[in-house]
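Visitor: Take this structure, written in structure tokens, and hold onto it; I'll ask about it next.
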Amino acid sequence: LERRYPKEVQDLYETMRRFARILGPVEHDKFIESHALEFELRREIKRLQEYRAAGITNFCSARTYDHLKKSRDEERLKRTMLSEVLQYIQDSSACQQWLSRQADIDSGLTPTVPVPSTTGK
């Protein structure tokens, strides 16, 4: 039963478990359910406040905002990953190979891996 709750409510459940004997199982479950509902309501309020701060006044615009926000976050993550990799790579040819492999992966192609020659030792 407790696994269906978010992490914060699970922590509360574990903390309040010792009081289950005092309250009884039904009252304890109601207590935890009420806190789970409170957590969900607070999260929803924060989301709606974010919409209001962005000037969004209807749910159609909110869906568009969420979609664009998700796209921006994905692009920001890609840029962050790229900058982290580039700061460690000093070799320009290795950097170009990495960029071409990432471009192949992003376009859905399987990256080509050069096969080392077996003639030399």
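Visitor: With a 1.4 Å probe and all protein chains kept in place, how much accessible area does Lys70 have, in Å² rounded to the nearest 10?
Guide: My reading of the accessible area for Lys70 is about 130 Å².
Visitor: Right, another one. Once phi is turned into θ = phi - 60°, what whole-Hz ³J(HN,Hα) does the Karplus curve with 6.51, -1.76 and 1.60 give for every residue of the stretch 93-100, x standing for Gly and Pro?
Guide: Once θ is set to phi - 60°, the couplings for the stretch 93-100 become 5, 5, 5, 5, 5, 5, 5, 5 Hz.
Visitor: Would you mind checking the pairs Lys7/Lys78; Lys46/Lys69; Lys46/Lys70 and listing those with alpha carbons more than 26 angstrom apart?
Guide: Lys7/Lys78
Visitor: As a test of reading the structure, rank Phe59, Phe39 by solvent-accessible area (1.4 Å probe, protein chains only), most first.
Guide: From most exposed to least exposed: Phe59, Phe39.
Visitor: Still on this structure, I have one more. Using Stokes-Einstein with the Kirkwood hydrodynamic radius over Cα pairs, what translational diffusion coefficient do you get for the stretch 1-55 at 37 °C and a viscosity of 0.692 mPa s, in µm²/s rounded to a whole number? Don't jump to the answer; show the numbers that get you there.
Guide: On the way: Rh = 12.4 Å.
So the translational diffusion coefficient is about 265 µm²/s.
The values are calculated or read from the model by the stated rules, or taken from the named source; none is laboratory data. As the structure is a computational prediction, the values presented were derived from the model and not from experiment. With ligands, DNA and RNA removed, areas are computed over all heavy atoms of the protein, side chains included. Shrake-Rupley method; radii C 1.70, N 1.55, O 1.52, S 1.80 Å.
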